[in-house]
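The values are calculated or read from the model by the stated rules, or taken from the named source; none is laboratory data. These numbers come from a predicted model, not from an experiment. Reconstructed Cβ throughout: ideal geometry from the backbone, glycine too, with neighbour counts over all protein chains shown. Side chains included, ligands, DNA and RNA excluded: accessible areas come from the protein's heavy atoms. Shrake-Rupley method; radii C 1.70, N 1.55, O 1.52, S 1.80 Å.
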Amino acid sequence: MNRLTHLPTLRIQPSKALSLTYNKKRLTGVEGDSVATALYANGIRIFSRSVKYHRPRGLYSLDGESSNCFMAVDGVPNTRTCTTLLKDGMTVNPQNVIGTPEHDWLFFLDYFGWAMPAGFYHRHFHRPYVLWPTFRKWIRKAAGFGNVSKNWEGGIYDELHLNTDVTVIGGGPAGMSAALAAANQGLRIVLIEGRPWLGGFFEYSPEPYTLDIPRYERARELAREIEKHPNIRWFCHTYLMGLYGNHQITAFQKGGEKDYFDERYIEVRSQSVVVATGCIERPLIFEHNERPGVMQVGCAHRLARTYGLLPGTKAVFSVGHDQGLEAALDLHQLGLKIPAVADIRFDGQNPDLVDRLNKSEIRYMRGWVAGKVYGHHQTSKITLRSTEGTREESYDCDVVVASAGHTPVSGPLIMAQAKLRFDLHTGFFLPHRLPGNVHPAGRLWGLTDPHAIECSGMMAGLKAAADCGAADDNRLKDLKEKLKELPGPERGTKLAISPGKPGKQFVCFDEDVTVKNIYQACDMGFDVPELNKRFTAAGTGPGQWGIPGHNLPLVISKYHADSTIPPMPTTIRPPMAPTLMATYAGKRHNIFKRTPAHEWQEKAHAIFRRVGVWKRARYFSKDYSCKTEIETVHQAVGIIDVSTLGKFRLFGPDALKALQRVYIGDMSTVKKGRVKYSAMCNDDGCLIDDGVVTLTAENDYYFTTSTGRAGTTVEWIRYHTRYDGWNFHLVNLTDAYGAINLAGPKARKVLSELTDDDLSNEAFPFTGYREMTLAGKIPARVMRLGFVGELSFEMHVSSSMTGYLWKCLMEAGKPFGIRPFGLEAQNVLRMQKGHVIIGQESEIRTTLHDLGMGGLWYKKPESKTVGAVALKQTKHQKDRLKLVGFKMVEPSDPKRAPKDGSIIVNDTIRGHVCTARYSFILNEAIGLALVEDKYAGIGTQLEIFEDGSDHQRLHAQVVKPPFYDIEGHRIRM
Amino acid sequence: MSLTITCPICGKRNGYEFRYGGQDKGPRPEEDGLTPEKWAEYVHLNENTGGIQKEWWFHRSGCGLWFTILRDTQTNQEIK
Amino acid sequence: MFGKYKRLWKKSRLKSSYDAVIIGGGLHGISTAYFLAKNYGMTDVAILEKRYIGFGGAGRNTAIVRANQRTKENLRLYDEGLKLWPKLMQELDFNMLFFNCGNLNLAHSEAGMSALRLQVASAQFHGIQSELVNAKQCKELVPVLDISDRLAFPIFGGMYHPPGGTLRPESVLWGIAKGASQKGVQIHQETEVKSLEIKNNKVVSVKTGDGKKIHTPRVLNAAGGYSALIANMAGIRLPVDVLPIQAMVSQPLKPFLDHVVSSGVYHAYANQSLKGEVVTGSHMDPWPGYTTQVTARYIKHQAEALTELMPCLRGVKFMRTWGGLADMTPDMAPIIDGNHPIDGFYIDCGWGYFGFKSAPVTGKYMAKFMATGKCPEILKPFTMKRFAQHRLSGETASPVNYGPWN
Ligand SMILES: Cc1cc2nc3c(=O)[nH]c(=O)nc-3n(C[C@H](O)[C@H](O)[C@H](O)COP(=O)(O)OP(=O)(O)OC[C@H]3O[C@@H](n4cnc5c(N)ncnc54)[C@H](O)[C@@H]3O)c2cc1C
Ligand SMILES: [Zn+2]
């Protein structure tokens, strides 16, 4: 197709050819083309098939308002080809057709429209019920547009998070004027524009701005100012996704040839927002109003002005606004044959335009409107009707340019919680109640005069500046005066549906919803837009409300012909433009923490697992029973990295009071040189944390928490003391210190290699705490603990020294057969001792008493200890879950432990297995379980139900933990 | 809806930096003579105000302070 | 072949008294009304809805249904609830688009698998289909899953529950509303309850927004996210925090995802609706409020999570987000009470983000409760009294903190 190459408004480089593959055919477009315009230039007229009736659909608009232009582009289904810039070598494929868009084998569905009234899914297919799954399969197959590409790799997805003073949405004359006005007040501005260039509706219009400057020239003038203004950061080809409360916006930018990214997620927080999103067109509803060949005014006009493509050979116009007349005149000038222009309005037009039309050979028909389009696949003829429906005239044509007028893009305002109201003069939903710091500008107020639009933009910019403390009241007042002098909003048409038989008049293209469907739903009680759209699905498709947004309320209002209720706008929800998940996901960080001994464990072939924010070593070999690791701890010496434990310093005059508040024990007995084991509960008496506490100096405590609580302990303690005004400081040292536990009968010998301090049981007994220097240079806090049930020393040293300490210990331990052990070995070792792990043996239903740990509770009502009230109230409660030990007994295999999570049953479920393992040292299968107290007595026989066991039960018997070293000699060695 | 909270130390910040700490219910009651019902009321029952309420917030990704603000639960706006 | 386009539910004049008034035209309210009329012949019932049917959680949820809960108290109820859908579709002659595609819950650690085993074993014990599957089997069920260790939390396996699935939530509402209306129940939209009148510890009447007083001996508080406000009208405070929660859908695509996939670790679940949209729900905003506005945070988070679990979703576009309210109790179990502490005042709320699946069955038993005045055995575990007794429900294993720190 020949391009118009001389136009100053072109955005293409006609000389630079780009290639694309469409439906396996190689075609060429030119640089600057969108995929859609390139296809159009190659004579493609049927772009897709509709979802329900498989009606042919063509290019209708150029701003992606409907699914008509959807294709799979480079593997991405449902791509809006009209807003996607053509890149060399693109692969484009049609969707939702069997065959090609021209010859779709499912075309016959169009003849069954009568069988698919609103909500027909709900009245059919479920009887007889046995057939429903089959019908459902068909429905699934028929639904949906494109196919997901299973192996799609995508490209580079960037993220940008900005803070600014004013965000301006829309780079048309109003938005640019607003940005400049605010920027000139010294503020920082972010401006975003959806099209690949600034200019808005001025951008392609040859109508005069002033006598000697056409509008497109004015657009370029403003754009140059924006581009060189140091305070303005502007983003083109950037679509607004959401405008949220507190003036935050999200948008995504499409990467151009020179950008290093394919798409970029942009989030901007600002003080104030200017919304200058202008208008799209309100579709004209008539019979077959979506036949290929029917297109909106802007589409036809921009095809020529921006892309150098005349939309066809002969076009009939049916419009309701001056811009439609302007386009007709211009396209006529450019060589398009226009037999007739029907204007819905009888009067109110710009007289100059009427004059020019009358002088041309175009037949200009006031009070006329498109009635019906003919043509099997493409438009071949149109019947125009007088708006009262009494007269008819038909014209042969291959293009129908149809538009009822404009409709403001007020989605951003709605998202920002503005209230809109139907305005009788313009026929628009205009801003009525605005949230603070949100300023609509330009055509959102219904303005059409270029100077009024700019003036309104500047005013919005100044108002936004005032929100940021940079007001210029005088200037604002002047502008207000000026705006009063300029032409106000144009009167708009309110015509909802063209007269004639209600045949296939489409309100929503995406979902194939006709006027008839809307009425049917109204009949059924869905007679307000919000309900109607849910029942008919109008506007819920991927065109994101663009086509039916304004018409649906008007059609419904028409249904209520006698009522005085004004049309109601419906809710718009983000994202305003369909957005790739890849773009939302952005850079996809996988953030986790490594302990300071991570590398050393890696060298020892640790198998790591994510545990909360950490990566921790779970096994040190592929033997997941951890036999060697466990036996090493029992017989020689093992080493485990416990750096993830929470580590805290709490000091100050009221430090003890704070401890008494959160710890269930009596913390006044904590003394130097000793650790005290204690626990924290929540206010239901449920165990939430345990650890040890020691006193390092007067009013200066050091304590540990479980890994899971490290992040929230500061918050917790300060929360529970927030009313008290106590004087203490709390420092989270978790990341400052690493921690290593050395456990096993030979632990003392290994540690003596690193220190001359007396480590004997007498000098440094169980629960002792010592500060010493290890390996000559590592200051360490060493404590004797017994979690794993063998003699053990836990060493806390600064993070930077932890790796070195690990290395020293490994070297010193070599002669003693030292081995690292991981979380699973530790899990078995501690279970043998009956020690609980929070979340594994405890849960929301269990109190400290239920876990058999009630002994830790010390009554000190004056401290108002968190959890104490509940512990008092539940002390003697019956019918609770209790933690018990059990061992496997005949007839089950006494050496086979049930799997964790198996349930304990008789006639009903009575509890579950928390942890159970075969114990190498005891040579029997043992475990801990939570069971109803009736079954918690020592010696009770339990039946265990494992998943997939086919109701074969396992047998166990309640025994008293600990299972191993009952007297605790080994930890006190 | 996005929320902006003014921390007494750090100023206006993104709401997701904070942790909500409940409506201001006053200090922990004296334990003497506390019935289970009264206690559950303090611990679990909430006013669920539909409007302005005084509530606790903790600046988690910030200075680590617990403080109170007034917020309208209908609009999610902080009230100054 | 097709009937005339009759109203799904009749319009009627608001009377000045009813045998029962139900506050909230959500699924719980409508179901209760339906069963009151159907099972107990109580047809003089009005549902008062402040906006439109389904404008609360019931019309905003993602309608995942399943019966693989953690505790036996819940399993009983949800199992019966799951089996009710086909019956309702036939009984009401309304297609609710029940799609029992099965649910796959992913585990990302050994501990995660053990936690699922408890649920699987419990379901199997109750004769409910549910099984543990390994990572490879997960991939067979959902070929677009990434089971490699590229994930931050690699997939270990999962719990596959074939009878679960989804419905179209609005259809369910419309269908049951139609049924209730046919049986004589009145549905009044745009009728907000503003206050309750209580005399001698007994419900007497409710007052609507336009000042009308409606006498009734029985009131059901089924106002979903707003139920705490209704309870407050009766001087009752509830152990709930109302948190905004969001869901979103992608553009419609041809079928590629055959099951509901969910991951607790990733705070994400997704399924493909019969329309072809990928539907996904996110976590709640961590602060209470009554706004159903969405935030920028969760749609991004969902994209991050879902594209990690199912990389091909990178090439899929989100189309719409919306928000609703979740009335969360401290133990993720509902609050069901009646005649306590006020005679004639019934409460069915606290359903948080999980109360769709149980609505019809709860309605059935709530109807019994209201008709007889006695709480059916199956609903007893959900009394509010459990909090004073420190007997929280075990549906969530570890304590949760949706509201204040306690
Ligand atoms: C995003 C989201 C996803 C979810 N996903 C799932 C899911 O996958 N599976 C699942 O099982 N559950 C899910 N849920 C939860 C489920 O939606 C709710 O638990 C359920 O809808 C509760 O139903 P309801 O009838 O009690 O309340 P609602 O449906 O909320 O109905 C309450 C009604 O009361 C009305 N009302 C309020 N105040 C008044 C008044 N003063 N007077 C009159 N009327 C009043 C409201 O307008 C509302 O319509 C989800 C919820 C949300 C928000
Ligand atoms: Zn701060």
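Residue C:137: modelled with pLDDT of 95 or more and over 28 Å from residue A:608 (Cβ atoms), yes or no? Taking the combined requirement at face value, the residue does not satisfy it. Within the stretch B:2-36, restricting attention to residues that are over 15 Å from residue B:71 (Cα atoms) and acidic (Asp, Glu), the residue that is farthest from ligand 2 (Cβ to nearest atom) is B:32. Selection of the stretch A:354-380 for residues being within 47 Å of the chain's Cα centre (by Cα) and open to solvent by 70 Å² or more (accessible area, probe 1.4 Å) yields A:374, A:376, A:378. Of all the criteria given as (1) within 12 Å of chain A (Cβ to nearest Cβ); (2) more than 16 Å from ligand 1 (Cβ to nearest atom); (3) open to solvent by less than 50 Å² (accessible area, probe 1.4 Å); (4) not charged (D, E, K, R), the one not satisfied by residue C:5 is (3).
A count restricted to the stretch C:101-114 and to residues that are more than 23 Å from the chain's Cα centre (by Cα) and either farther than 15 Å from residue C:139 by Cβ or not in a strand (DSSP E or B) (or both) stands at 7.
Out of all the residues in the stretch A:120-147, which are among the small types (Gly, Ala, Ser) and facing chain C (nearest Cβ under 8 Å)?
Initially, the stretch A:120-147 is screened for residues among the small types (Gly, Ala, Ser), giving A:142-144, A:146.
Within the stretch A:120-147, A:143, A:144, A:146 meet the criteria.
Looking at residue C:173, is it outside any strand (DSSP E or B) and within 15 Å of ligand 1 (Cβ to nearest atom)? Yes.
Quick check on this structure: which one of A:307, A:244, A:265 is open to solvent by less than 20 Å² (accessible area, probe 1.4 Å), in contact with a helix residue (DSSP H, G or I) (Cβ under 6 Å, 6 or more places away or on another chain), among the aromatic types (Phe, Trp, Tyr) and farther than 30 Å from residue A:468 by Cα?
Values: A:244 fails: farther than 30 Å from residue A:468 by Cα; A:265 fails: farther than 30 Å from residue A:468 by Cα.
Every option except A:307 fails the conditions.
Does residue A:281 qualify as being open to solvent by 10 Å² or more (accessible area, probe 1.4 Å), more than 24 Å from residue A:495 (Cβ to Cβ), touching a residue at least 24 places away in the same chain (Cβ under 8 Å) and part of a strand (DSSP E or B)? I'd like the intermediate steps shown before the answer.
Details: open to solvent by 10 Å² or more (accessible area, probe 1.4 Å): yes; more than 24 Å from residue A:495 (Cβ to Cβ): no; touching a residue at least 24 places away in the same chain (Cβ under 8 Å): yes; part of a strand (DSSP E or B): yes.
No, not satisfied.
In the set (1) outside any strand (DSSP E or B); (2) within 16 Å of ligand 2 (Cβ to nearest atom), the condition left unmet by residue B:42 is number (2). Looking at A:913, A:905, just one residue is closer than 22 Å to residue A:849 by Cα, open to solvent by less than 10 Å² (accessible area, probe 1.4 Å) and within 9 Å of another protein chain (Cβ to nearest Cβ), and that residue is A:913. Looking across the stretch A:316-340, the residues that are in a strand (DSSP E or B) and more than 46 Å from the chain's Cα centre (by Cα) come down to A:337, A:340. Could you please find all residues in the stretch B:59-80 being in a loop (DSSP other than H, G, I, E, B) and aliphatic (A, V, I, L, M)? Correct list: B:65 only. For residue A:26, indicate whether it is charged (D, E, K, R), in contact with a Leu (Cβ under 8 Å, 6 or more places away or on another chain) and part of a loop (DSSP other than H, G, I, E, B). Here the answer is no, as residue A:26 does not meet what is asked.
Does residue B:45 satisfy the criteria of being facing chain C (nearest Cβ under 8 Å) and open to solvent by 10 Å² or more (accessible area, probe 1.4 Å)? Show your work before the answer.
On the way: facing chain C (nearest Cβ under 8 Å): yes; open to solvent by 10 Å² or more (accessible area, probe 1.4 Å): yes.
Considered against the rule, which asks whether it is facing chain C (nearest Cβ under 8 Å) and open to solvent by 10 Å² or more (accessible area, probe 1.4 Å), residue B:45 comes out as yes.
A count restricted to the stretch A:831-849 and to residues that are in contact with a Ser or Thr (Cβ under 9 Å, 6 or more places away or on another chain) and farther than 17 Å from residue C:387 by Cβ stands at 11. Evaluating residue A:712 against the criteria (1) on the phi > 0 side of the Ramachandran plot; (2) modelled with pLDDT under 95 leaves one unmet condition, (1). Please go through the stretch A:86-119 and give me each residue that is assigned to a loop (DSSP other than H, G, I, E, B) and within 14 Å of chain C (Cβ to nearest Cβ), ordered by number. Listed by number, the residues that qualify are A:94, A:95, A:96, A:97, A:98, A:106, A:116, A:117, A:118, A:119.
Inspect all residues belonging to the stretch C:246-264 and state whether any of them is within 14 Å of chain B (Cβ to nearest Cβ), open to solvent by less than 20 Å² (accessible area, probe 1.4 Å) and part of a loop (DSSP other than H, G, I, E, B).
Narrowing the stretch C:246-264 to residues within 14 Å of chain B (Cβ to nearest Cβ): C:246.
After this cut, where a residue has to be open to solvent by less than 20 Å² (accessible area, probe 1.4 Å) as well, the list is C:246.
Okay, now just the ones that are also part of a loop (DSSP other than H, G, I, E, B), so none.
No - not one qualifying residue is present in the stretch C:246-264.
Being buried (at least 17 other Cβ atoms within 10 Å of the Cβ) and under 30 Å from residue A:195 (Cα atoms) holds for only one residue in A:576, A:568, and it is A:576. Of all the numbered requirements in (1) of a type outside the set (Lys, Arg); (2) within 24 Å of residue A:151 (Cβ to Cβ); (3) buried (at least 22 other Cβ atoms within 10 Å of the Cβ), residue A:22 misses one, and that requirement is (3). Being touching a residue at least 40 places away in the same chain (Cβ under 8 Å) and at positive phi is the filter here, so list the residues in the stretch A:191-249 that pass it. The answer is A:200, A:237, A:247. Selection of the stretch A:121-149 for residues being open to solvent by less than 20 Å² (accessible area, probe 1.4 Å) and either among the charged types (D, E, K, R) or over 30 Å from residue A:582 (Cα atoms) (or both) yields A:122, A:126, A:132.
When the stretch C:325-354 is limited to residues that are under 12 Å from the mean Cα position of the chain (by Cα) and open to solvent by less than 10 Å² (accessible area, probe 1.4 Å), the one that is nearest to the other protein chains (Cβ to nearest Cβ) turns out to be C:327. Against the test of being at pLDDT 95 or above, buried (at least 24 other Cβ atoms within 10 Å of the Cβ) and within 14 Å of chain A (Cβ to nearest Cβ), the options C:308, C:277 yield a single qualifying residue, C:277.
None of C:41, C:56, C:26 is of a type in the set (Gly, Ala, Ser) and more than 8 Å from ligand 1 (Cβ to nearest atom) except C:41.
Of everything in the stretch C:59-103 that is among the small types (Gly, Ala, Ser) and within 14 Å of ligand 1 (Cβ to nearest atom), the residue that is farthest from residue C:226 (Cα to Cα) is C:67.
Candidates C:321, C:329: the one that is in contact with a Leu (Cβ under 9 Å, 6 or more places away or on another chain), more than 16 Å from ligand 2 (Cβ to nearest atom), in contact (Cβ under 8 Å) with a residue 24 or more places away in the chain and not charged (D, E, K, R) is C:329.
Every residue, every condition in (1) in contact with a helix residue (DSSP H, G or I) (Cβ under 6 Å, 6 or more places away or on another chain); (2) surrounded by fewer than 24 Cβ atoms within 10 Å (Cβ to Cβ), yes or no:
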position: C:172; (1), (2): no, no
position: C:179; (1), (2): yes, no
position: C:188; (1), (2): no, yes
position: C:197; (1), (2): no, yes
position: C:201; (1), (2): no, yes
position: C:214; (1), (2): no, yes
position: C:227; (1), (2): no, no
